[in-house]
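Presented below is the structure to which this report refers.
The values are calculated or read from the model by the stated rules, or taken from the named source; none is laboratory data. Being a predicted model, the structure only gives us computed values, none of them experimental. When we count neighbours, we look across all protein chains shown, and the Cβ atoms used for this are built from the backbone with ideal geometry, even at glycine. The protein model used for the area step is the full one, side chains on, heavy atoms only, and it has no ligands, DNA or RNA in it. Shrake-Rupley method; radii C 1.70, N 1.55, O 1.52, S 1.80 Å.
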Amino acid sequence: MQTATTAKTNAFACRTAQGVALLLVCRLALFFCSNTAFSAAEAAGIFVATIVQGLLLAPLLLRTDAPPHGKGSLWAYRLFGGFWAARVLAAVWGMLTALQAPYPRLSCVLLLLVACYAASLPFAATGRAVGLLLTVAGIAFAFLLLGGVRKLEPLLLWSAHTGETPATNASRLWTAFVRAWSQSGELVCVPLLLQNAPTQNRRMVSGWLLGKGLGLPLLIGFGLLRNGRLLQWAGNPFFFLLTRVQRFAAFRTDGFWLLLALTCAGTAVTVSLQMLALPSATSKGWFRVPYPWLRLLPIPAILAVAALFVRQLPADGWFAGGIALLGIGLPYGERLWDWLQSLRQRRKTEGVRAE
Amino acid sequence: MNRWGLCLGTMLLGGATLLLLGGCTEVRDRQYAKAIAVAHTPDATSWQAVLCCHPTTEQATAQPTVSAEAVSLLPERLQAQMGPALYMGHLSTLLVSGQDLQDAAGTALLEWGLQTHWLPPDCGVLDTLTTSACAVLSEQPEADWEAMRNAAVASAQIPSRRLADCVGDDWNGSGVTLLPCLQNTQGTPSFALSVRDASGLLGVLSERACRGLALLGGDWKRCVLPILQTDANGNRQCAAAELRICKAFVSVVERTDARLELRLHLRWDAPLPSGGFCTKAEWQSLCATTLTDTLIAALEESAVRYGADCCYLRESALQNGVALAKTATQPEWRAALQAATITVASCTQTDAPFGWG
């Protein structure tokens, strides 16, 4: 029988860089979907929250072995995974609705379907996907910063709400601090990602904290220097920032940035679902075998496609239908691939025997 | 999981999917507005939309005017008239008119449009002054207001002013905003800036002041300034100075007599035109004088005459530790700007394209 620690190691084992990418991508998902204007208080709130999180995680990093997970903590992870998947999906729905994107609910359903399937794959696949995703996001952020650096207005660093007092300023910082915590769901993943390698663990957590604590405030500061005096604006500040940067006018919801936001959100939901379905120490198979309820996925997906075609929505129908069919096809494709592999293996074995 | 569990799960998931699909917005039934006109009167606010591609004509088409007593009723009325949902994500121009556009209802209109995401924050605003915006839009539904406005910004006629900038001035500026406006000067339409506050239209800035604000804004692509000179015989000569570099900013400091001082810092370069207009030294002197006059006119007309703060003067004052900027209410800040003095702190001719500002 496997021990609890081994079970944990099997479930969320990945490379250091992949762990950093996973934590950052999960944070980016809610950053893209956030609905608060970029301000100095927001940047400071994230920075301070990151420092506090680092201090809280320090004792965990001093351990020489990975923390074991008992039955109770596994259930806590599962509950949190379910809650976090719902939270991210709600944030995505809110973002799509605010951007007046077509089919916001359907997009969330399809996102969930794809995330469900992705969650059934081995965790190594998620690790590789987030590594790739963060690389793409990093390149895009670099282009964004380069595209807008010429038009920065340094004076806007001193932007302030008219007639504000030091008390309101402190209150704003506190609100931003609390918000930064409420968006740091990836924090719960950290103990799951810790392996029996203290140096690797420290590198991973430091990379994540540096990326979050410096990268996000830098991006918010950049937005602040571009967004003018709209400190009371209650909209998605990131997509607003894109409208203010030349060659990035993507406020109109279509384009690379929305796809990146949706992909990050999909990854965050996938990781949450993998937490939701964390294997207990006595169960077998871990992530190699699709969950039993995965068998149900094709049915709602087929219904979604049928409903789309009944409603005669040509352009978007084809696209949404394509995604749904992909979701349906992949599990069977995987089984086909496994069968082909076993066939090949059998032939090889027979060949060896014949020789 | 047994067979009954599978059936139940399937029914639940399938039912949830169908329920979620029930609320979909159909893309084909959407109308995309290219320009919107808002004419505000004390009794009602009228809106008119020009659609990007009308389903029947495939051309930009002006819709009949819609009026509503309350701002929040306008989208519903507009949609009721047109049928399909109106999508404003592609809105490029918002035409406004009315003496009291910036009164309580008028401000609420722009703010409400922005806060409810009904109006995109980056759409251009155009003031039609005393002419009804709806009338202007219905007369010229095919006009490309966005292209005209962009051309004016690129040639430094006016600064780039978007809806977000106007609302930002109202929220965290001095409560006075500058809107690009289209006016007829001797029969020729030209762009200028109208000044509005809560009491309504205050006036229109001169061409020189608008150019000065465009240079301060820094969004221009090509700027040609007329340089005038009177020769020894008393003949007036004119040459065109094409600015290669013009970086200007204003810093706000508090003087010993508690008044504000707007200090103008300027760095510029304009090549001497061929044809023996004057010597290089004379050319530099003439250009410097013209440029500083233009920028001073901009500050005098906008900040000192009307108390408008569209060049981040308050932020500059905060940066320089002016106590008033921290504590003043909007009317107080406006009064302080109106009592301010303007000085030229530096005016440097340079070949270096990069540097401060």
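Using a 10 Å cut-off on Cβ to Cβ distances, tally the other chain neighbours for every residue of B:164-170 and report the average as a whole number. Show your work: numbers first, answer last.
Numbers: counts 9, 3, 0, 5, 9, 2, 2.
Per-residue shielding by partner chains comes out at 4.
Where in the range B:147-223 are there trypsin sites (Lys or Arg not before Pro) that are in a DSSP coil and have at most 11 other Cβ atoms within 10 angstrom of their Cβ?
Details: sites: B:R149, B:R161, B:R162, B:R196, B:R208, B:R211, B:K221, B:R222; in loops: B:R161, B:K221, B:R222.
Within the range B:147-223, the qualifying trypsin sites (Lys or Arg not before Pro) (loop, at most 11 other Cβ atoms within 10 Å) are B:K221, B:R222.
Taking K and R as +1 and D and E as -1, what net charge do the other residues with C-beta under 12 Å from the C-beta of B:L95 add up to? Mind dumping the intermediate values first?
Details: positive: B:K34, B:R149; negative: B:D127, B:E139, B:E146.
Residues close to B:L95 contribute a combined charge of -1.
Run the simple label-point estimate for A:A76 and B:A339 please: 7 Å along Cα→C-beta, distance reported in nm.
About 6.1 nm separates the two model spin labels.
Going by a ≥ b ≥ c, the root eigenvalues of the Cα gyration tensor, does the range B:176-223 fall in the rounded group (a/c under 1.5), the prolate group (a/b larger than b/c) or the oblate group?
Details: a/c = 2.53, a/b = 1.21, b/c = 2.09.
Oblate shape, in that a/c is at least 1.5 and b/c is the bigger or equal ratio.
What spacing in nm lies between the two simple spin-label points modelled at B:K326 and B:A240, each 7 Å away from Cα in the Cβ direction?
Here the modelled spin labels are 5.1 nm apart.
What is the calculated FRET efficiency for B:Q229 to A:T135, with r their C-beta to C-beta distance and R₀ = 51 Å, to the nearest 0.05? Numbers along the way, then the final one.
Values: r = 59 Å, r/R0 = 1.16.
Using R0 = 51 Å, I get an efficiency of 0.30.
What are the chymotrypsin sites (Phe, Trp or Tyr not before Pro) within the range B:248-357 that DSSP puts in a loop, where the Cβ has at most 12 other Cβ atoms within 10 Å?
Details: sites: B:F249, B:W268, B:F277, B:W283, B:Y306, B:Y312, B:W333, B:F354, B:W356; in loops: B:F277, B:Y312, B:F354, B:W356.
Of the chymotrypsin sites (Phe, Trp or Tyr not before Pro), the ones in loops of the range B:248-357 whose Cβ has at most 12 other Cβ atoms within 10 Å are B:F354, B:W356.
First check a/c for the range B:110-219, with a ≥ b ≥ c the square roots of the eigenvalues of its C-alpha gyration tensor; if it is under 1.5, answer rounded, and if not, answer prolate when a/b is larger than b/c or oblate otherwise.
Numbers: a/c = 1.38, a/b = 1.12, b/c = 1.23.
Verdict is rounded for the range B:110-219.
Taking each residue in B:317-323, count the Cβ atoms of any other chain within 10 Å of its Cβ, then average. What number comes out? Could the numbers behind the result be given before it?
Details: counts 2, 5, 4, 1, 0, 0, 0.
What the average comes to for B:317-323 is 2.
Too long at a 28 Å Cα-Cα cut-off: which of A:K212/B:K34; B:K221/B:K280; B:K221/B:K326; A:K151/A:K212? Before the final figure, lay out each step's value.
Values: A:K212/B:K34 39 Å; B:K221/B:K280 25 Å; B:K221/B:K326 35 Å; A:K151/A:K212 25 Å.
The pairs that break the limit, which is 28 Å between Cα atoms, are A:K212/B:K34; B:K221/B:K326.
Within 10 Å of each Cβ in B:121-127, how many Cβ atoms from other chains are there, averaged over the peptide? Could the numbers behind the result be given before it?
Details: counts 10, 7, 2, 0, 0, 0, 0.
So the per-residue partner count for this stretch is 3.
Note down the accessible area of B:E76, probe 1.4 Å, to the nearest 10 Å².
Surface open to solvent at B:E76 totals about 130 Å².
What is the local net charge at B:A164, summed over the other residues whose Cβ is closer than 12 Å to its Cβ (Lys, Arg +1; Asp, Glu -1)? Can you show the working numbers first?
Working: positive: A:R226, A:R229, A:R244, B:R161, B:R162; negative: B:E111, B:D122, B:D165, B:D169, B:D170.
It works out to a net charge of 0.
So the label point goes 7 Å from the Cα of A:S182 along Cα→C-beta, right? Which residues of the range A:16-54 then have their backbone N under 16 Å from it?
Residues A:30-38, A:42-43, A:45-46, A:49 fall inside that zone.
Taking H placed 1.01 Å from N in the peptide plane, check which residues at least 5 places from B:T348 or on another chain put their amide H under 5 Å from its amide H.
B:L266, B:R267, B:W268
What ranking of A:I51, B:I227 comes out by heavy-atom accessible area, probe 1.4 Å, highest first? Intermediate values should be presented prior to the final figure.
Numbers: A:I51 85, B:I227 0 Å².
The residues order as A:I51, B:I227, largest area first.
So, in nm, how far is label A:L340 from label B:T289 when the simple model puts each one 7 Å beyond its Cα toward the Cβ?
8.3 nm
If Lys and Arg each add +1 and Asp and Glu each add -1, what is the summed charge of the other residues whose beta carbon sits under 13 Å from the beta carbon of A:L209? Working shown, then result.
Numbers: positive: A:R27, A:R202, A:R203, A:K212; negative: A:E186.
It works out to a net charge of +3.
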